[in-house]
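Have a look at the structure below before the remarks.
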């Protein structure tokens, strides 16, 4: 289990990312570390453990891959729904509204998801990370309109670096057919292959 702390680093270089992952695991005792390539030729590192160890790992990763580090996020008390969503869990049941935050990096999406789900009474439907998105991240919140608006606002409030936000929207009454699509998958290729 990743709690109580999580860090995610996004590198523009695969070699720099591998070097950073190696330095992180050598310097800190982590409960979990997952690393690998994502489109378009980037490298992600996700690590979890105690707050002090994860913070030490982040420091090592930043130092080792400094020139290639695009973005990172450190969440000392990550919300359990974020951990579940990163692990692939989805809550696609139909609700009254859908909030979407699209970010330029995966780290920004994870940060926005954590802030939104901690501060508003919403469900975290999904976090999509990088692959099939050109390295971007997408967060989907569902619930009552006012709650989803609050979650999106909270998610946007933590995006402090220039150009992290690509797009955001709250759709008050999402059509049932689109809810059905979201329930199946958000990857177009998956939907098309299932129907052909």
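For residue 26 and residue 51, a Förster radius of 30 Å and the Cβ-Cβ distance give a FRET efficiency of 0.95, rounded to the nearest 0.05. Let me make sure I get this right: for region 80-195, a, b and c are the square roots of the gyration tensor eigenvalues over alpha carbons, sorted descending. Under 1.5 in a/c it's rounded, otherwise prolate if a/b > b/c, else oblate. Which is it? Note, shape of region 80-195 comes out oblate. Give the distance, in whole Å, between the Cα centre of region 67-85 and the Cα centre of region 1-53. Taking the Cα centre of each part, region 67-85 and region 1-53 sit 10 Å apart.
For the chain, modelled as a Gaussian network with Cα springs under 10 Å, which listed residue fluctuates most, 58, 124, 159? So, out of 58, 124, 159, the one fluctuating most is 159.
Quick check on the chain: helices-only [θ] at 222 nm, where DSSP H runs of length 4 and up contribute -39,500 (n - 2.57) each and the sum goes over total residues. Nearest 500, please.
-12500 deg cm²/dmol
Across the chain, Cα pairs under 8 Å and at least six residues apart give a relative contact order of 21 percent. Fully extending the segment from residue 146 to residue 93 would add 17.3 nm, taking 0.36 nm per residue of separation and subtracting the current Cα-Cα distance. For region 80-195, relative contact order (Cα pairs under 8 Å, six or more residues apart, normalised by length) works out to 34 percent. In this calculation the C-beta distance from residue 121 to residue 183 is compared with R0 = 25 Å, giving a FRET efficiency of 0.75.
On the basis of the beta-carbon distance and an R0 of 41 Å, residue 169 and residue 15 show a calculated FRET efficiency of 0.65. Test of understanding: in a Gaussian network model of the chain with alpha carbons linked when under 10 Å, which of 101, 169, 14 would top the mean-square fluctuation ranking? Comparing 101, 169, 14 in a Gaussian network model of the chain, the most mobile one is 169.
Bear in mind that the values in this text are calculations on the coordinates, not laboratory data. Small disclaimer: the values here were computed from a predicted structure and weren't measured. We place every Cβ from the backbone using ideal geometry, glycine too, and count neighbours over all the protein chains shown.
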